[in-house]
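Engineer: Below are the structure tokens for one structure; questions will follow.
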Amino acid sequence: MALSWITGLVTGLAALHFLQKKFFPYFWLDLRYLLKVIRYGLQIEMYKRTGHVVTVVDHFVQQAQRIPDKAFIMFHGQVHTYREMDRRSNRVANVFKKHTTLKKGDTVAMLMNNEPDFINVWFGLVKLGCLVAFLNYNIRSRSLLHCFHSCGAKILVVGADMLESLEDILPSLQEDNISVWIMAAETTLPGVNTVLDKLETVTDEPVPRNLRFVSSINAATLFIFTSGTTGLPKAAVISQLQALRGCAGIWAFGGTPDDIVYVTLPLYHSAASLIGIGGCVYLGSTCVLRKKFSASQFWVDCKKYNVTVFQYIGELCRYLCKQPVREDEKDHKVRMAVGNGVRSDVWKEFIGRFGDIKMCELYGATEGNICFMNHTGKIGSVGRSNFFYKLIFPFELIKYDIQKDEPIKNRDGWCEKVNKGETGLLISKVNHNNPFFGYAGNKKHTTKKLLCDVFKNGDVYFNTGDLMAQDHNNFLYFRDRIGDTFRWKGENVATTEVSDMIGMLDFIQEANIYGVSVPDHEGKVGMASIILKPGMSLHLKSIYEHVVNYLPGYAYPRFLRLQENMEVTGTFKQQKFRLVEQGFDPSIISDPLYFLDDSQKSYVPMTKDIYDKITSGLLKL
């Protein structure tokens, strides 16, 4: 009797296991991930209820007390422990407390490259209770000034290697009585303060704890700039909630305190600062920080520092795959990579060539209120949803008219959801648990990102601006960006900003900027369709010099198309759809075409030979 009972139980369990594998293959992976989400959500809820938020910097101070001698940052051969970074950030806080009138709630902007002092300045200012704005060091002149003023900063802290960018805007800043500080011991720039000489004159004791005390999870802590679709960069408000969610990313994917995380992405982006640095702080792990990504040195560094986790964007993985094959490419300790934007073919090639690395693809806009994480490792997917996850982070994919650049509505005036497998615009519900904090200094930009009365009166959704698809197994796939933004070199390029810059040239009447696809490249490369003013001539070298002086490299229009008339929509918006489809092929375009040739320091006529070299990969963009 007992034997038959045991046999029946074993048979039943085997049957359940078979059914689970066949019909619910991701059950245990989903459950494990969901439990982590719930566990972390409960921690966030506790902060809300107690009115005492344990911030990223609070976590860092705790780790400095718990593991003071553990390496926190390894930077080009230098090792900085948790204790050392804590004490130096205390000194930074004390310098600004002693020599400025900064008070809790003030905003300070940073223009710095990747270096340990980026983190020391960031954490030191937060210890004073300040909000910190990370400026993109690629932008120049007018755009840089716009970013600084849009976040309401009172002080600018500049890296010692950023003097060229500073000199462009220094007179304007000084006219506005903005205090400028440089991370150097001395400077010849008039009216500019130095930091390093003052660090040795102050104590490394912590400033009063109450200065950094935060009672609301929705309180702002950072401003991170995003190109968006409306021209000049916008200052996305990053709340404590968003910062804390970001720093849990590596942990949610299975990161541990023993991991050594390699960060080569720029710290002014939320990926490197919050997911990378914040993720190491949350785990108590070590970060190997590099000033800039180097494809040739990537695996050298990974082996040298025993890296186990690295951060990526799609282009980074593609660059690594384009490197010459070397011996022992799988001879490393990397087990996991966390990032976004890698194409399926690059993903397959990458793990086939460099080993069985767990690729942890994720999705999330800097300012957004929705995040997906591919916790199963499904190639090509940005994440997976299910009934329970959607309860926590409600979202929908709706029908969208790309040519009209607007959601499609039914006869009753409501948006419609797409079917499984179809591409639609991703929108995420704005509610108490998933608020949208918008942009600093411009309510119009904030309002523009919201869709109201979508499925019923009164509902509000965040418009991600991304076209996605969800398959029948609930895996989500990124398809494209909508509107006037395209992505190149891992950066969003706002076409209106590029158009405005080119329009400053006195012989150009109008410029229409858009992105075109190039074989085997992530994203789209910039192209400009231009109209000359009547009676004016085209000056290719002048356009080149203007572009190089005023735009970051990723925003350069690599191709020019000279047209006589600009196509517009019924609402007088520039028509891009047909131009994007036609691309830059001189064999099908009768208009004059030109290519940005760095060796000639000018735009040169596009030939069939140049086109073939670009499309075959012989000529790098």
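Engineer: Which of the numbered conditions does residue 558 fail, given that it passes all the others? Conditions: (1) of a type in the set (D, E, K, R); (2) open to solvent by 20 Å² or more (accessible area, probe 1.4 Å); (3) without any contact (Cβ under 8 Å) to a residue 60 or more places away in the chain; (4) assigned to a strand (DSSP E or B).
Structural biologist: (3)
Engineer: Is it fair to say residue 402 is among the β-branched types (Val, Ile, Thr), open to solvent by 20 Å² or more (accessible area, probe 1.4 Å) and within 23 Å of residue 33 (Cβ to Cβ)?
Structural biologist: So residue 402 fails the test.
Engineer: Quick check on my filter: what residues within the stretch 550-574 are among the hydroxyl-bearing types (Ser, Thr, Tyr) and either farther than 25 Å from residue 404 by Cα or at pLDDT 90 or above (or both)?
Structural biologist: The answer is 550, 554, 556.
Engineer: In the stretch 353-403, what residues are part of a helix (DSSP H, G or I) and either at pLDDT 95 or above or of a type in the set (Lys, Arg) (or both)?
Structural biologist: Of everything in the stretch 353-403, those that are part of a helix (DSSP H, G or I) and either at pLDDT 95 or above or of a type in the set (Lys, Arg) (or both) turn out to be 353, 354, 390.
Engineer: What number of residues in the stretch 405-435 are open to solvent by 30 Å² or more (accessible area, probe 1.4 Å), of a type in the set (A, V, I, L, M, F, W, C) and either free of Cβ contacts under 8 Å to residues at least 12 places away in the same chain or closer than 28 Å to residue 236 by Cα (or both)?
Structural biologist: 2
Engineer: Looking at (1) open to solvent by less than 50 Å² (accessible area, probe 1.4 Å); (2) outside any helix (DSSP H, G or I); (3) in contact (Cβ under 8 Å) with a residue 40 or more places away in the chain, which one does residue 122 not meet, given that it meets all the others?
Structural biologist: Only one criterion in (1) open to solvent by less than 50 Å² (accessible area, probe 1.4 Å); (2) outside any helix (DSSP H, G or I); (3) in contact (Cβ under 8 Å) with a residue 40 or more places away in the chain is unmet by residue 122, namely (2).
Engineer: Another question about this same structure. Could you tell me whether residue 173 is closer than 19 Å to residue 102 by Cβ, touching a residue at least 24 places away in the same chain (Cβ under 8 Å) and surrounded by 16 or more Cβ atoms within 10 Å (Cβ to Cβ)?
Structural biologist: yes
Engineer: Sticking with this one: Give me the residue from the stretch 489-506 that is in a loop (DSSP other than H, G, I, E, B) and at pLDDT 80 or above and, out of that set, nearest to the chain's Cα centre (by Cα).
Structural biologist: 489
Engineer: Looking at 254, 246, 314, 341, which one is in contact with an Asp or Glu (Cβ under 7 Å, 6 or more places away or on another chain) and open to solvent by 10 Å² or more (accessible area, probe 1.4 Å)?
Structural biologist: 341
Engineer: Also, quick follow-up: May I ask you to list the residues in the stretch 270-291 that are under 24 Å from residue 364 (Cβ atoms), under 19 Å from the mean Cα position of the chain (by Cα) and in a loop (DSSP other than H, G, I, E, B)?
Structural biologist: 290
Engineer: What's the number of the only condition in (1) open to solvent by 40 Å² or more (accessible area, probe 1.4 Å); (2) modelled with pLDDT of 95 or more; (3) in contact with a His (Cβ under 9 Å, 6 or more places away or on another chain) that residue 91 fails to meet?
Structural biologist: Of (1) open to solvent by 40 Å² or more (accessible area, probe 1.4 Å); (2) modelled with pLDDT of 95 or more; (3) in contact with a His (Cβ under 9 Å, 6 or more places away or on another chain), only one is false for residue 91: (3).
Engineer: Let me ask another. Tell me which residues, restricted to the stretch 26-80, are open to solvent by less than 60 Å² (accessible area, probe 1.4 Å), in a helix (DSSP H, G or I), free of Cβ contacts under 8 Å to residues at least 60 places away in the same chain and in contact with a helix residue (DSSP H, G or I) (Cβ under 7 Å, 6 or more places away or on another chain).
Structural biologist: Residue satisfying the conditions is 64 alone.
Engineer: Let me ask another. Can you tell me how many residues within the stretch 443-459 are under 26 Å from the mean Cα position of the chain (by Cα), open to solvent by 50 Å² or more (accessible area, probe 1.4 Å) and of a type in the set (S, T, N, Q)?
Structural biologist: Qualifying residue count for the region: 1.
The values are calculated or read from the model by the stated rules, or taken from the named source; none is laboratory data. Keep in mind that what you see is a predicted model, and the values were worked out from it rather than measured. When we count neighbours, we look across all protein chains shown, and the Cβ atoms used for this are built from the backbone with ideal geometry, even at glycine. We work out accessible area using only protein heavy atoms, side chains counted, and drop any ligands, DNA or RNA first. Shrake-Rupley method; radii C 1.70, N 1.55, O 1.52, S 1.80 Å.
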